Amino acid sequence: MKQITSRLLKSLIITAILLLTLTNNNLLSANGTDTTGQPVTSHELIVVKDKSFVNLLIKFISNKYPDLKLDYIKEIGVIQIEHPQEEVLENASKYIHKKFKRFIVQESEVINPLDLDAVLAAQFATNAESNGMPNFQNDPNVYSYWQWGVNYVTENKKSYSITKGSHDVSVAILDSGIDLNHPDLADNIISPGQSFVPGELTAMDYNGHGTKVAGIIAANGNLTGIGPEIGIVPYKVFSREGGRAFWMIQAMVKAANDGHEVLNISSGIYQTYSEKSGGAVVEAFQRAIDYTNNKGSVIVNSAGNEGVDIDQIIPTGEDGGGVIRLPSVFSKVITVGASTLERMPAPYSNYGEKVDFYAPGGSYGPIAHEDEFDFSFLLLTTYPTYLEQSTIAQLISLPKGYDLDIGTSLATPAVSATYALVIHKLKENKLNKAPEEISSMLREMATQLSVNDPAGRTVGMVNAFKALQYVENESMPLK
């Protein structure tokens with residue numbers, strides 16, 4: 001193990017680590033200012049009780065408030081209204097809700113996906129201060145050294161002997177886009193996808209996050225993903241500046257309509273929720289999830305990187321209120337936490353009953369002493385070839401097109417890829433299993449972590465090899 005001990009680099013590394021952490025907290029805006037570089041506008045969601053009423057309501061709003069910008073998803077009865085002036089939007093919203101009270105879902109009518117009587121979760125403090133310097137392995141094959149996560153899930157790529165996936169089963173990646181020309185990804189991108197971010201016409205990735213996610217699923221070059229022949233398609237729902245709940249919901253419906261078996265969402269929203277606010281966003285997500293599930297698609301979502309229990313309302317410190325994480329908390333969503341090189345729940349990973357699986361997400365490793373920090377605990381994945389790499393990647397001279405990172409964002413695609421592989425193998429073997437049956441089997445086949453989560457729960461790390469082996473021979477007893 002080669003050590004870097006120069007204290008001149010210490011502040012640079014600490015800064016890089018902090019920036020690296022921030023890249024994994026891709027939160028979308030449920031309401032508030034537009035963060036895409038477009039003119040700042042206030043926006044709000046309206047959810048109708050009967051989808052057949054959408055056209056009439058759109059016509060009314062257009063005639064009554066011609067200055068409002070309208071967007072809508074007819075399939076699930078969701079309308080977004082926008083205006084640069086918050087007061088104008090608020091007055092219009094109040095009038096619309098009052099006039100069509102019987103036809104519009106009211107905040108008080110929305111069922112909280114969590115238990116409203118639950119005690120507010122205490123913040124789980126996990127971030128130990130690190131003033132240390134990193135170590136890294138002086139390994140000539142940097143591509144294989146940091147692929148421990150893929151090796152854990154595939155059992156050192158033994159799953160490849162059963163299947164590497166197929167373009168017949170695809171994963172929609174709802175994220176910041178993908179580097180469509182990346183040499184490790186291009187062969188598996190079966191469609192250029194679509195952008196839902198205003199002003200960004202293509203699904204090319206100018207953030208980097210989506211390309212990192214894609215590499216865990218389907219890299220097939222210098223790096224190999226969990227399923228190096230799985231088909232992937234990008235749906236851009238946020239940019240470098242952020243995103244909106246509405247864009248994600250639009251993409252969920254579109255991806256389901258496009259027939260993708262798996263939807264990977266490595267981001268989320270912390271939505272303020274009470275009887276007076278947040279209900280429309282919650283209801284819109286619920287409808288999108290139901291619609292997607294009815295189309296036969298599985299939604300896989302990251303649990304988040306705040307180290308909190310997402311089973312409960314997460315306190316914000318504002319008037320005793322709190323937030324819930326969407327869409328993770330919905331029962332029909334597969335939620336993924338992050339595990340470490342030591343096969344433990346990552347200290348930053350959110351946890352709780354809502355977390356269905358853990359998967360390798362990396363960590364910064366144990367601190368040996370104040371002058372050491374171990375890079376080997378991070379994950380290596382693909383990154384846009386045209387974007388500047390992180391300071392850490394540059395420091396250790398990683399080739400362009402690759403970067404190191406951590407987070408539940410990187411754990412989630414490991415589970416998405418495993419679902420896609422299993423679905424492909426079931427089809428190949430002419431077997432038919434409902435998504436719930438597949439989820440149950442994956443839980444049985446998961447690898448037990450070395451310790452329980454902070455709440456004392458035992459949740460397994462997804463194991464693609466064991467799952468595929470079981471599909472190959474369904475007489476194999478569950479363990």
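The values are calculated or read from the model by the stated rules, or taken from the named source; none is laboratory data. Please read these numbers as outputs of a predicted model, since none were measured by experiment. For neighbour counting, all protein chains shown are included, and Cβ atoms are generated from backbone atoms with ideal geometry for every residue, glycine included.
How many of the residues in the stretch 346-376 are assigned to a strand (DSSP E or B) and either over 24 Å from Asp403 (Cβ atoms) or modelled with pLDDT of 95 or more (or both)?
Step one: list which residues in the stretch 346-376 are assigned to a strand (DSSP E or B), which gives 351, 355-360, 374.
From the residues that got through so far, the ones that are either over 24 Å from Asp403 (Cβ atoms) or modelled with pLDDT of 95 or more (or both) too are 351, 355-360.
Of the residues in the stretch 346-376, 7 are assigned to a strand (DSSP E or B) and either over 24 Å from Asp403 (Cβ atoms) or modelled with pLDDT of 95 or more (or both).
Filter the stretch 238-276 for residues that are in a strand (DSSP E or B), of a type in the set (A, V, I, L, M, F, W, C) and at pLDDT 95 or above and give the result. Don't jump to the end; show me each part of the working.
Residues of the stretch 238-276 that are in a strand (DSSP E or B), as a first pass: 238, 243-244, 262-265, 268-272.
This time we only want the ones that are of a type in the set (A, V, I, L, M, F, W, C), so: 238, 262-263, 265, 269.
Result: Val262, Leu263, Ile265.
Can you find even one residue in the stretch 83-102 that is of a type in the set (Ser, Thr, Tyr), modelled with pLDDT of 80 or more and in a loop (DSSP other than H, G, I, E, B)? Give the steps one after another, and end with the answer.
Residues of the stretch 83-102 that are of a type in the set (Ser, Thr, Tyr), as a first pass: 93, 95.
Checking the rest, the ones that are also modelled with pLDDT of 80 or more come to 93, 95.
Filter once more, keeping what is in a loop (DSSP other than H, G, I, E, B): none.
No, because not a single residue in the stretch 83-102 is of a type in the set (Ser, Thr, Tyr), modelled with pLDDT of 80 or more and in a loop (DSSP other than H, G, I, E, B).
Is at least one residue of the stretch 155-166 more than 26 Å from Ile396 (Cβ to Cβ), of a type in the set (Val, Ile, Thr) and surrounded by fewer than 22 Cβ atoms within 10 Å (Cβ to Cβ)? Spell out how you get there, then give the answer.
First, the residues of the stretch 155-166 that are more than 26 Å from Ile396 (Cβ to Cβ): 155, 158-166.
Restricting the remaining residues to those that are of a type in the set (Val, Ile, Thr) gives 162-163.
Remaining after also requiring surrounded by fewer than 22 Cβ atoms within 10 Å (Cβ to Cβ): 162-163.
For the stretch 155-166, residues more than 26 Å from Ile396 (Cβ to Cβ), of a type in the set (Val, Ile, Thr) and surrounded by fewer than 22 Cβ atoms within 10 Å (Cβ to Cβ): present.
Give me the residue from the stretch 172-191 that is assigned to a loop (DSSP other than H, G, I, E, B) and out of contact with any Asp or Glu (no Cβ under 6 Å at 6 or more places or on another chain) and, out of that set, surrounded by the fewest Cβ atoms within 10 Å (Cβ to Cβ).
The extreme case among them is Asn181.
Suppose we filter Ile324, Ile334, Ile299 for residues that are among the aliphatic types (A, V, I, L, M), in a strand (DSSP E or B), over 27 Å from Lys433 (Cβ atoms) and within 17 Å of the chain's Cα centre (by Cα); which single one remains?
Details: Ile334 fails: over 27 Å from Lys433 (Cβ atoms); Ile299 fails: over 27 Å from Lys433 (Cβ atoms).
Going through Ile324, Ile334, Ile299 in turn, the sole match is Ile324.
Out of the residues in the stretch 409-440 that are among the hydrophobic types (A, V, I, L, M, F, W, C) and within 19 Å of Asn473 (Cβ to Cβ), which is surrounded by the fewest Cβ atoms within 10 Å (Cβ to Cβ)? Write out each step before concluding.
Within the stretch 409-440, the subset among the hydrophobic types (A, V, I, L, M, F, W, C) is 410-411, 414-415, 417, 420-423, 426, 431, 434, 438.
Cutting the leftovers down to within 19 Å of Asn473 (Cβ to Cβ) gives us 421-423, 426, 431, 438.
Working: Leu421: 31, Val422: 26, Ile423: 23, Leu426: 18, Leu431: 10, Ile438: 19.
Checking each candidate, the answer is Leu431.
If you check Ser397 against the conditions, is it assigned to a helix (DSSP H, G or I) and polar (S, T, N, Q)? So that I can check it myself, show each step before the final result.
Working: assigned to a helix (DSSP H, G or I): no; polar (S, T, N, Q): yes.
For Ser397, the condition - assigned to a helix (DSSP H, G or I) and polar (S, T, N, Q) - is not met.
Would you mention how many residues in the stretch 192-237 are β-branched (Val, Ile, Thr) and either at pLDDT below 95 or in a strand (DSSP E or B) (or both)?
Of the residues in the stretch 192-237, the ones β-branched (Val, Ile, Thr) are 197, 202, 211, 213, 216-217, 224, 226, 230, 232-233, 237.
Applying the additional criterion that residues be either at pLDDT below 95 or in a strand (DSSP E or B) (or both) yields 224, 232-233.
Final tally of qualifying residues: 3.
Starting from the stretch 220-248, keep only residues that are closer than 16 Å to Gly210 by Cβ and of a type in the set (Ser, Thr, Tyr), then list their pairs with residues that are assigned to a strand (DSSP E or B) and at pLDDT below 95 whose Cβ atoms are within a distance under 6 Å, requiring at least 6 positions of separation or different chains.
none
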